[in-house]
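Inspection log for the structure reproduced underneath, given as structure tokens.
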């Protein structure tokens, strides 16, 4: 039976898996049931796998990632990794879907339900075509992508290193704002690097009737937000698109009390390697200037969450055969988009170690309003899932030729 017909046979299975994952989302480091479901599906197929890894960066957290291994029947030392994440987000779902999240305050708003379902579909097809594989395929089901930093992917990297590593790694990310059936296969940078920002402003509180007697952390914080917004155009390389954003501002307890402290949290994005250093230097300078103006103390808490993420770099030598492959996949075409996406992903930690690429699969629902990733009404066109499977399957099979 042709690969196309094999894929057609499992199309509804992949959709059903996506819906199960969508109904049962779990946030990072809590994906116990999701991991069990993936393992159950691998058991049905008969693919061996390893789990229960140790997380050296978060030794007190439970670890739910899985690495499944398909050994080809043809002789070769080549090893290819295919990665999919499967954690959800702390967002209350408002899609109204019949398979809406049953876990209050948690939803799959970034497409990780689709990623896990597609990789399970890929697993079944590749397992049934082991006789065409000259080497080893590692299926990397990764927990805890949304936490950022390296901790979510570290257990997979450590396990790969102790078992001989891989030569290359690929992945695919669903994207609701790109037309269905289009796939972005961009050379070089595809996702942004990022880092976190956390400020603690300490001033002098007092009565709301006497602003002249206080050192107001709220006004200092407002100025800080405005000044940070000037960094991309005035204090950083304008040829490298960048974002500096404060998304959380906490201060005060009552309408007639100037508080003593304010806390601000946010992040930054960039595309050029090394950009993190320049942005962090600018962020510190803005804090120092604002501190002097408002007579407050501003503490810049470095790496407030974890180590930042580098940009995801697609290796041109691996992207080119992927682009040619699209010509032979009905219902899939290359996207005209040639600009990187300002989101970040800890897949970068894998691709920094093992050359590869990240493909972006368009999944906009036709004739419906588009809701972006991380929106409470985020949804995708499920018809593209099998095309994502087909792309990954055919790339893997061609990789070993």
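Every read-out reported here was derived from the displayed coordinates using simple, explicitly stated rules and does not represent laboratory data. Everything numeric in this text was worked out from a predicted model, so none of it was measured. A quick note on method: Cβ atoms are made from the backbone with ideal geometry, for glycine too, and the neighbour counts reach across all protein chains shown.
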Original post:
What number, in percent, do you get for the relative contact order of region 343-401 if the mean sequence gap of Cα pairs under 8 Å and at least 6 apart is divided by its residue count?
Top reply: 24
**OP:** Please give the residues of region 329-345, grouped as numeric ranges, whose backbone N is less than 18 Å from a label point set 7 Å along the Cα-to-Cβ vector of residue 370.
**Re:** 332-344
**OP:** Averaging sequence separations of C-alpha pairs under 8 Å and six or more residues apart, then dividing by the length of region 31-173, give the relative contact order as a whole percent.
**Re:** 35
Original post:
Using the count of nearby Cβ atoms within 10 Å as a rough guide to exposure, how do 389, 348, 222 rank from fewest to most?
Top reply: 222, 348, 389
Original post:
Once the Cα atoms of helix 316-325 and of the chain are each reduced to a long axis, what angle between those two axes, in degrees from 0 to 90 to the nearest 10, is obtained?
Top reply: 50
Original post:
Going 7 Å from the Cα of residue 315 toward and past its Cβ, which residues in region 329-360 have a backbone nitrogen under 13 Å from where you end up?
Top reply: 350-358
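Report the antiparallel proportion of the DSSP beta bridges in the chain as a percent, rounded to a multiple of 5. Intermediate results must be reported in sequence, preceding the final value.
Values: 40 of 63 bridges.
Bridges in the chain are about 65 percent antiparallel.
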**OP:** Please report 112, 24 as a ranked list, fewest other C-beta atoms within 10 angstrom at the top and most at the bottom.
**Re:** 24, 112
Subject >> Contour minus Cα-Cα distance for residue 99 and residue 300 (0.36 nm per residue) >> reply: 68.1 nm
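Test of understanding: ordering 108, 215, 173, 374 by Cβ neighbours within 10 Å, fewest first, what list do you get?
Final ranking by Cβ density, sparse to dense: 374, 215, 173, 108.
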Original post:
Which distance in Å, rounded to a whole number, links the C-alpha centroids of region 205-284 and region 1-53?
Top reply: 43
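Note down the relative contact order for the chain as a percent, whole number, built from C-alpha pairs under 8 angstrom at least six residues apart.
Numbers: 913 pairs, mean separation 93.1, N = 401.
Reported as a whole number, the value is 23 percent.
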Subject >> Residues residue 339 and residue 44, FRET efficiency given R0 of 45 Å [Cβ-Cβ distance, rounded to 0.05] >> reply: 0.65
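Between rounded, prolate and oblate, where does region 1-94 land on the alpha carbon gyration tensor, with a ≥ b ≥ c its root eigenvalues, rounded for a/c under 1.5, else prolate if a/b exceeds b/c? Intermediate results must be reported in sequence, preceding the final value.
Details: a/c = 2.47, a/b = 1.23, b/c = 2.00.
Judged from the Cα gyration tensor, region 1-94 comes out oblate (a/c at least 1.5, b/c at or above a/b).
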Original post:
Can you tell which of 146, 161, 368 shows the greatest fluctuation in a Gaussian network model of the chain with Cα springs below 10 Å?
Top reply: 368
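If you stretched the chain out fully between residue 158 and residue 4, how much longer would it get, using 0.36 nm times the residue separation minus the C-alpha to C-alpha distance?
On the way: separation 154, 0.36 × 154 = 55.44 nm, distance 3.54 nm.
Length gained between residue 158 and residue 4: 51.9 nm.
So what is the 222 nm mean residue ellipticity for the chain from helices alone, if each DSSP H run of at least 4 adds -39500 (n - 2.57) and you divide by all residues, rounding to the nearest 500 deg cm²/dmol? Don't skip to the end; give the middle numbers.
Values: 9 runs with 124 residues, N = 401.
So the calculated ellipticity at 222 nm is -10000 deg cm²/dmol.
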Subject >> residue 284 versus residue 52: modelled label distance in nm, points set 7 Å from Cα along the beta carbon direction >> reply: 4.5
Original post:
Out of every Cα pair in region 92-230, what percent are spaced more than 22 Å from each other?
Top reply: 66
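Applying a 10 Å radius around every beta-carbon, put 282-288, 249-255 in order of their mean neighbour count, most first. Numbers along the way, then the final one.
Details: 282-288: 18.1, 249-255: 11.9.
Peptide ranking by packing, descending: 282-288, 249-255.
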